[in-house]
Each structure stands twice: as structure tokens, then as C-alpha cells.
Amino acid sequence: MSSLPSAADREQMSLRTPAAGDLARTAAQVAGDLLTATTPVRLTDVVPMPEQVRPEPADDHQLAADTVIQVSSGTAALAVAEHLAALLRPATGYPLPVTGTADLETDSSIVLALTEDDTLGAEGYRLAVTRAVVRITAATPAGLFHGVQTLRQLLPPAIESRTPVAGRWVLPGGSIVDRPRYPYRGAMLDVARHFFPVADVLRVIDHLARYKLNRLHLHLTDDQGWRIAVPGWPRLTTVGAATEVGDGPGGYYTTADYQRIVTYAAARHITVVPEIDLPGHTNAALVAYGELAPDGATPPPYTGTEVGFSYVDPTSERTYEFIADVLGEVAANTPGPYLHIGGDEAFKVKGATYTGFVERVQRIVADTGKSTVGWHQIAPAAHTEGRILQWWGTNGDDPATAEAVRRGARLILSPGNHAYLDMKYAPDTPLGHDWAGLIDVHRAYDWDPGSHVADVPAEAILGVEAPLWTESVTSLPEIEFMLFPRLPAIAELGWSPQSTHSWAGFRERLAGHGPRWAAAGITYHSSPEIPWPAAPAETTAPATTSPAGVPTTPATGPATTPSPSVATTPATDPVAESTPIPTQRTSETAIDPV
């Protein structure tokens with residue numbers, strides 16, 4: 001009798017023999033089981049809180065060395081898939097190839113697919129995690145991108161590492177349906193009081209994307225410095241950009257720099273909102289071009305922090321030629337729909353002169369094809385189509401703003417005593433101000449945009465924005481210290497349904513993000529309000545301080561870092577191959593690619 005297997009035996013053996021992919025997954029599972037267990041991430045741990053969450057604990061999905069990212073056809077969707085791969089490759093060490101075959105799901109795949117599901121809106125998504133497949137669907141690439149940020153949070157915190165980490169990469173099973181409450185969810189970075197090079201701005205963009213914020217407002221001009229090049233007005237940068245608070249060297253963005261920022265933001269579905277502050281906050285412009293001053297006299301440079309003393313001449317035609325040139329240039333390089341004209345604290349331009357100035361500038365903005373955004377002090381001026389007021393008050397009773405809304409304006413809410421991230425956390429915070437009060441994490445979270453301003457209907461609220469003024473902020477670690485952990489609080493108010501808002505729940509979810517920030521090299525304030533997980537003794541770094549005295553490692557909880565250390569941008573990044581930054585000040589900070 002032959003000892004060779006029969007055809008039937010061979011068929012049975014082929015059915016029992018695992019494929020290479022199965023062997024790889026089994027090996028990874030066994031290896032992972034030998035590693036020290038970590039606290040598993042739950043489907044309900046996401047920040048901002050999703051609209052609907054349905055956990056299925058039996059459906060946990062483990063990434064493996066043979067995991068493939070499959071994507072529906074289309075350049076925009078493919079870019080989101082490549083972004084996801086760039087997020088996951090460094091820590092996992094997995095190749096995670098991206099293929100355009102979303103219709104052919106295979107085991108151990110992550111599928112990103114565009115659908116015609118109008119119920120998700122312009123930014124919503126669905127995420128389904130099963131043992132075999134992870135699937136994100138959305139009607140737009142922006143929705144897919146937000147779904148990717150949720151997937152990122154569902155993996156262990158070590159996924160933020162820029163170097164390989166031994167571990168099990170498990171996603172909790174279940175499904176999420178999610179879409180934003182407001183279409184405008186942003187943060188503002190003041191680059192005028194202190195200048196920050198392009199690399200720092202790109203890092204801030206990544207922070208916004210992490211929490212589904214979709215607007216970056218850049219405060220480009222103020223008394224202390226002018227930060228954007230304008231052809232035909234060269235002294236704005238050769239003279240007006242040479243100062244900042246505290247007599248630092250200043251700096252500015254060339255047209256190429258600004259376009260790089262805009263492009264990088266757009267790849268992360270973030271719109272840049274540029275601000276040219278008028279008619280006040282203009283000393284730097286007047287130093288460069290004294291002819292714009294009311295008396296035609298060039299003032300001295302200013303590096304202090306007082307406000308309200310400077311203004312361009314509202315009666316001079318030369319002023320409006322200047323404004324038209326500046327806003328025209330900025331609009332030409334800004335694909336987004338907004339131009340912010342400032343309008344606050346113009347204490348020396350009063351009454352009809354002020355409103356007449358604002359109305360004329362609004363017409364200049366309209367001529368560029370953009371919509372006007374201005375601080376809420378522009379409310380008395382006549383309404384123009386699409387006008388948006390950014391409200392930064394501390395008292396919700398504001399009849400002038402309510403009247404502007406009745407005439408057609410919409411509001412971005414940035415209440416100074418809740419959303420201004422340059423306010424101190426506590427009396428002993430080494431950075432920031434307290435004119436609007438102290439803003440701890442609870443205060444940043446504990447308000448409702450839909451009902452905050454009296455006599456303004458909920459449908460008039462376009463969204464929320466968290467401004468960071470930088471009179472006392474001089475470096476990227478200090479920016480991060482003031483942003484985190486309050487920025488996620490504002491992000492949740494802008495994204496999540498009001499019905500999900502709960503301080504008790506938010507603080508518990510936020511606590512799990514401390515280890516993520518530590519792994520990503522993000523400096524943050526270890527607020528005592530948040531129950532941060534205890535760091536293992538062997539990984540807790542000694543407390544240090546930045547040059548401004550900012551503590552960069554909490555006394556308890558996960559360690560932070562005094563200087564972000566991240567990998568350079570991989571080739572898959574949409575702006576990785578751009579030219580070196582020709583800024584007047586450079587930064588040693590590398591760019592977080594994701």
C-alpha cells in the first residue's frame with residue numbers, strides 16, 4: 001500500500017494548512033500575549049465624544065504584519081489612506097500597503113470607502129470594527145479623515161511613537177456614527193506678538209487635526225510685528241517684521257512659506273483664516289509706512305503689550321489703496337472663503353468714522369470674493385452678505401451683537417473667560433494672563449455655544465474658536481503647554497452633540513490622552529482636575545522647566561517632554577518634498593508628519 005496521501009487526503013490537508021497571512025497573525029497574537037498587558041482602549045474613550053457608539057467586545061480587531069489598507073478610487077480618498085498608513089507605520093513597524101481595492105475586502109484589512117450617504121453630511125463618518133475588517137465610510141474625504149483620527153485614538157497610546165514599539169495593536173470592536181455639531185471649529189495662533197517659524201505652525205496644524213478642528217486662524221499683523229510678505233509694500237517685512245514683544249528678532253512668512261502652511265493645512269482638511277487687523281493694532285505697518293499714520297509721522301517700533309494706541313488714517317485714500325493691495329494679495333494666496341479684518345480695540349477711531357471704515361473694508365473684502373470675519377466690535381457696521389462676527393466677550397448679554405445677528409450676521413464664539421487659551425490655568429501658571437479670569441480645563445469645557453449669547457438663536461452660531469495670544473508665549477513647547485489639555489475641551493464643544501456633554505465623562509476620557517501626548521512628544525499641563533493614569537516608575541522623567549519656567553513633566557501621571565522630538569516628514573506626506581523654509585528665524589523643531 002502506498003504511503004503517499006490520496007487526492008482526498010491532500011484536499012483535506014490543504015484546507016487545514018494555514019496561509020502565510022494566518023501564520024503571521026497567529027505569531028503576532030502569541031507574541032502579543034507574552035507582552036505586558038496595558039489598559040485596553042474602549043470605544044467610548046474618543047475625544048471629541050462621537051454622536052453614536054455601539055461597543056461589541058467580542059469583535060476586537062488586532063492589526064497584524066500583513067494588514068492592508070484598502071481604499072476606494074479617487075485621489076482625495078487615497079491621500080487619506082496614505083495619511084493613515086503614515087500614522088500607523090512608525091510605531092507598529094508594519095508595512096501597511098495602501099491598495100485601491102476597497103470593493104474586495106480581505107481579512108486583516110482596513111477599508112476606507114466614499115459612499116453616497118448624505119445623512120453623514122460634509123464631515124461625518126461611520127466606523128465599524130470587526131474581528132476580520134475595520135471599515136470607515138464617509139460621503140467626503142474630510143469625513144474619512146475624521147474617521148481616521150478616531151481610529152488613531154482607539155489604538156493603544158504607544159501608536160503615537162515615531163519609533164517601533166513591541167505591543168499588541170488592538171482596536172475595540174463595535175461601531176461609531178459621527179458628525180460635527182458645528183461647521184466651524186477652530187483655534188487661533190497669534191504669530192504677531194511673537195513670531196513662530198513654519199515648522200511650528202505645521203505642528204500646531206497637526207494638533208488641530210488630531211481633535212477634528214477644521215479652521216486655523218492666523219493673527220498675522222499687530223503693533224509688534226507684520227508677518228506676511230506683500231509685493232509692492234516691501235518695508236512691511238524688511239522693517240515691520242523686525243520686532244516682536246520683548247525685543248526679539250521677529251520674522252515673517254514669504255509667499256512660499258504661507259502657501260506651504262495653507263497646503264499642509266488643506267491636506268488635513270483644515271482651512272486657514274488669515275487676519276489683517278484693522279484699523280487698530282497697526283503700529284508695525286506705520287513704522288514701515290508712516291504715510292499711513294493719521295499725522296503722516298512714522299512712530300517708533302513697539303515691543304510692549306499695551307493695546308489701542310495705533311490706527312491707520314481712516315480719512316486717507318492711501319490707506320484704502322494699502323488695504324486693497326494687502327487683502328488682495330492675502331486673498332489670492334488663501335483658498336478658503338474667509339478674510340479676517342480684526343476691528344477690535346480701535347479706541348481712537350470712534351462712532352461713524354469707525355463704522356464707515358469697517359463698511360468700506362468689508363466692500364474691499366467682497367471684491368476679493370471672500371467673506372468678512374471680524375471681531376464682534378464691528379457689529380454696528382452695516383451687514384454684508386456672509387459676514388461673520390467673532391465674539392470674544394465675557395458677558396453673554398450683548399445687544400449690539402444680537403442686533404447684528406438679526407441683520408444677518410453669524411457668530412463664531414470665543415468667549416474670553418472660557419475659550420481664550422492665553423489665560424492662566426491657575427494663579428501660579430508661569431505663562432499667560434488673567435484679565436478674563438483663570439481658565440482651567442473645567443471652565444474651558446463648562447459652557448454651551450448654542451445658548452451662550454443672549455437673544456442669539458442657536459442656528460446663528462457657526463461654531464467655536466480657541467484663540468491663543470502670544471504676548472507671553474515664545475516657543476513651541478509653550479504653545480503646547482497652553483493648548484493642552486484645554487484645546488480638546490473646546491474641540492468637543494464644537495463637534496459633539498450637546499446631549500453628550502458631561503464634565504465627569506469628559507475628564508475621564510481626557511485622562512487617557514496624557515500618555516498619547518507623552519508618546520508624541522507634546523508638552524502639556526498636568527492639570528490636577530484630570531485623573532491622569534499613573535506613569536510606571538521606570539519611565540517617569542524628572543521634572544524640568546522650559547526657559548519661561550513652564551513645567552514639562554507632571555509631578556504625577558505620564559511624563560511630558562521639554563522639547564518635542566519627532567521624525568521628519570515621510571515621503572507619503574503631501575508636503576514632504578517642499579523646499580527648505582526660508583524664514584528669518586529658524587526652528588530646530590522637526591515637523592510631525594501626522
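Just so it is clear, none of the values below were taken in a lab; they were calculated from the coordinates. Small disclaimer: the values here were computed from a predicted structure and weren't measured. For neighbour counting, all protein chains shown are included, and Cβ atoms are generated from backbone atoms with ideal geometry for every residue, glycine included.
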(message) Using alpha carbons only, how many angstrom separate the centre of region 459-518 from the centre of region 301-361?
(response) 30 Å
(request) Measure off 7 Å from each Cα along the Cα-to-Cβ vector at T394 and H442, then give the distance between these two points in nanometres to one decimal. (result) 1.9 nm
(request) Identify all aspartates and glutamates with a Cα-Cα distance to K212 below 16 Å; exclude those on the same chain that are fewer than 8 residues away in sequence. (result) D45, E51, E123, D178, E465, E492
(message) Straight-line reach from K350: which lysines fall under 30 Å, measuring Cα to Cα and dropping same-chain residues less than 8 apart?
(response) K370
(message) Calculate the FRET efficiency for D325 and E403 from the Cβ-Cβ distance with a Förster distance of 35 Å, rounded to the nearest 0.05.
(response) 0.60
(request) At 7 Å along the Cα-to-beta-carbon direction for both T39 and D247, put a label point, then send me their distance in nm to one decimal. (result) 4.8 nm
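Which of the trypsin sites (Lys or Arg not before Pro) across region 183-245 are loop residues per DSSP, with 12 or fewer other Cβ within 10 Å? Please list the in-between numbers first.
Values: sites: R185, R193, R203, R210, K212, R215, R227, R235; in loops: R193, K212, R227.
Counting only loop positions with at most 12 other Cβ atoms within 10 Å, none of the trypsin sites (Lys or Arg not before Pro) in region 183-245 qualifies.
Expressed as a fraction of 2.2 N^0.38 Å, the rule-of-thumb size for a compact globular protein of N residues, what is the C-alpha radius of gyration of region 40-178?
Working: Rg = 13.6 Å, N = 139, 2.2 N^0.38 = 14.3 Å.
Compared with the compact-globule rule of thumb, region 40-178 sits at 0.95.
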(request) On a C-alpha basis, how far is the centre of region 113-188 from the centre of region 228-244 in Å? Whole number, if you could? (result) 42 Å
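Rounded to the nearest 0.05, what FRET efficiency do R235 and R54 have when you use their Cβ-Cβ distance and R0 = 45 Å? Could the numbers behind the result be given before it?
Details: r = 60 Å, r/R0 = 1.34.
With a Förster radius of 45 Å, E is 0.15.
What ranking do 394-407, 141-154, 163-176 get when scored by the average of other Cβ atoms within 10 Å per residue, highest first? All intermediate terms of the calculation are to be shown ahead of the outcome.
Values: 394-407: 15.6, 141-154: 23.0, 163-176: 17.9.
Descending mean neighbour count gives 141-154, 163-176, 394-407.
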(request) Could you calculate the contour length gain from S73 to W435, that is, 0.36 nm times the residue separation minus the distance between their Cα atoms, to one decimal place in nm? (result) 125.1 nm
(request) Could you work out how far apart the two model spin labels at W503 and T384 are, taking each label as a point 7 Å from the Cα in the direction of the beta carbon, and quote it in nm? (result) 4.1 nm
(request) Quote the FRET efficiency, to the nearest 0.05, computed for T255 versus T305 with a Förster distance R0 of 35 Å and r equal to the Cβ-Cβ distance. (result) 0.75
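Go through region 293-382 and name the trypsin sites (Lys or Arg not before Pro) that are in a DSSP coil and have 15 or fewer other Cβ atoms within 10 Å of their Cβ. Can you show the working numbers first?
Values: sites: R318, K348, K350, R360, R363, K370; in loops: K348, K350, K370.
Of the trypsin sites (Lys or Arg not before Pro), the ones in loops of region 293-382 whose Cβ has at most 15 other Cβ atoms within 10 Å are K348, K350.
With a/c under 1.5 counting as rounded, go ahead and sort region 247-305 into rounded, prolate or oblate using the C-alpha gyration tensor (a ≥ b ≥ c being the square roots of the eigenvalues; past the cut-off, prolate if a/b is larger than b/c, else oblate). Working shown, then result.
Working: a/c = 2.80, a/b = 2.24, b/c = 1.25.
It comes out prolate by the Cα gyration axes.
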(message) Is the C-alpha gyration tensor of region 272-315 telling us rounded, prolate or oblate? Criteria: a/c under 1.5 is rounded; beyond that, a/b larger than b/c is prolate, otherwise oblate.
(response) oblate
